[in-house]
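Before any comments, here is the structure.
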Amino acid sequence: MELKIALLPGDGIGPEVMAQAVKCLQAVEETFGHNFIFSEAPVGAIAIAKTGNPLPDETLQLCRDSNAVLFGTVGSPEYDKDPYAKLRPEQGLLQLRKKLGLFANIKPIKAFSILDRKSPLKKEIITGTDFIIYRELTGGIYFGEKQLSTDGTTASDLCVYSESEIGRIAHLAFKSAKSRNNKLTLVDKANVLETSRLWRRVVSKIAESYPEVALEFMYVDNAGMQIILNPTQFDVVLTENLLGDIISDVAGVICGSIGLLSSASVGENHAMFEPVHGSYSQAAGKNMANPVACILSAALLLEHFGLNEEARAVQMAVYQSLRKNIVTPDLNLKTKYGTDQVGDFIANNITDTDDNLSMNNENIGLGKSTII
Ligand code: IPM
Ligand code: MG
């Protein structure tokens, strides 16, 4: 298969983790005989520095002309420290989501059994966790009208949702639940927010077309607690933009390191794949960032194009690295391996398909488009 892949490494640790994901995609090309055409473009703080725009027109055009986008991270302490900054690196990511119409962000949350002691949560609590978060990505408070009074003392952010915005992601989430364990949890704040009550009405109506799926509602404050107390109760979690942002990081705790979590953002015409972690600027250039989230995001990219065997080879190689403790310091403080070495090990294991085939895959519940 020939695929044009836009690479947007962005800021902080983005470039170094992406370099490892590209190594892995190249190993897939070589092993399975595909042709991936990579083109790189700036986004975020680095793009502001180069062009004065967090999402330069050329970057957007490249993404539009590509079959898929692999995204690193955006963000920089100089902007984080400045609440007055008009231009922010994050605007590059938000505009990209909006302009490419990437309305659904999909995050598999699955506990790696070989890492169950890395999680701050008890092994008995996390064992068997396997759910997917469907987060709405192009609406809500992130994109509503923003106002700041002229004297700078009052501000507002508007949260708006329409029936069609809710419906299109709800259908994706119901279909996913149907292919999994037939349970969908809508997370909201319907005891307070009008938009949440609209979500409940629209989702309840859509549920009638998926009679095999059990729909339940959960307030976000309780959901935050339930994800930590009893994560195995979830199958598919559906939620709006801001609440989804928050519970995604909460759920990240289960896996032991946010450096392991991958995500896909999809729309009607485009798809983008990105690690869940942020730019982690303190670690940038130190060869210590965990490349696994970015590598697993590349695996989601492969799955998106139906390259399931290829995605599986990447996932198995990642699993192998975890099993052999070839990991970055977030997973083992005494490790002698850095970003580069972990990336090399994983890429080499993809090429070495015999090893993959002979591997015992007991713990890596693959298929159903979830990984880890
Ligand atoms: C994420 C990030 C972004 C978000 C930031 C960088 C704008 O936290 O992808 O979860 O809030 O959506
Ligand atoms: Mg976030």
Quiz prompt | Test: Leu3 is outside any helix (DSSP H, G or I) and out of contact with any Ser or Thr (no Cβ under 7 Å at 6 or more places or on another chain) | solution = yes
Quiz item: Out of curiosity, is Glu310 away from ligand 1 (no atom under 16 Å from the Cβ), part of a helix (DSSP H, G or I) and not aromatic (Phe, Trp, Tyr)?
Solution: yes
Self-check item: Hits in the range 110-134 - residues which are touching a Leu at 6+ places or on another chain (Cβ under 8 Å) and at pLDDT below 95
Solution: Phe112, Ile114, Leu115, Lys118, Ile125
Quiz item: When you scan the range 96-138, how many residues do you find that are of a type outside the set (Val, Ile, Thr), within 30 Å of Trp199 (Cβ to Cβ) and within 17 Å of the chain's Cα centre (by Cα)?
Solution: 19
Practice problem: State whether one or more residues within the range 270-281 are surrounded by 24 or more Cβ atoms within 10 Å (Cβ to Cβ) and more than 16 Å from ligand 2 (Cβ to nearest atom). | Solution: no
Quiz prompt | Restricting the range 158-181 to residues that are exposed (fewer than 14 other Cβ atoms within 10 Å of the Cβ) and more than 16 Å from Arg201 (Cβ to Cβ), the residue that is farthest from the chain's Cα centre (by Cα) | solution = Leu158
Quiz item: Looking at the range 200-213, which of its residues are under 12 Å from Leu184 (Cβ atoms) and either surrounded by 14 or more Cβ atoms within 10 Å (Cβ to Cβ) or among the aliphatic types (A, V, I, L, M) (or both)?
Solution: Val203, Ile206, Ala207, Tyr210, Val213
Quiz item: Given the residues Asn290, Asn332, which is the only one that is part of a loop (DSSP other than H, G, I, E, B), free of Cβ contacts under 8 Å to residues at least 12 places away in the same chain and away from ligand 1 (no atom under 16 Å from the Cβ)?
Solution: Asn332
Quiz item: Inside the range 202-254, can you point out the residues that are among the hydroxyl-bearing types (Ser, Thr, Tyr), within 16 Å of ligand 1 (Cβ to nearest atom) and modelled with pLDDT of 95 or more?
Solution: Thr239
Self-check item: Within the range 68-88, tally of residues that are within 18 Å of the chain's Cα centre (by Cα) and of a type outside the set (A, V, I, L, M, F, W, C)
Solution: 3
Practice problem: List the helices (runs of 4 or more DSSP H) that sit entirely inside the range 17-132 and contain at least 3 residues that are in contact (Cβ under 8 Å) with a residue 12 or more places away in the chain and over 17 Å from Leu300 (Cβ atoms). | Solution: 45-51, 57-65, 77-80, 89-99
Quiz prompt | Single match in Thr239, Thr154, Thr138, Thr185 (criterion: under 24 Å from Glu90 (Cβ atoms) and touching a strand residue (DSSP E or B) at 6+ places or on another chain (Cβ under 6 Å)) | solution = Thr239
Practice problem: Take Ser265 and decide whether it is within 12 Å of ligand 1 (Cβ to nearest atom) and either over 12 Å from Lys107 (Cα atoms) or surrounded by fewer than 19 Cβ atoms within 10 Å (Cβ to Cβ) (or both). | Solution: no
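The values are calculated or read from the model by the stated rules, or taken from the named source; none is laboratory data. Owing to the predicted nature of the structure, the values given are computational and were not obtained by experimental measurement. No Cβ is skipped: glycine too gets one built from the backbone with ideal geometry, and neighbour counts run over all protein chains shown.
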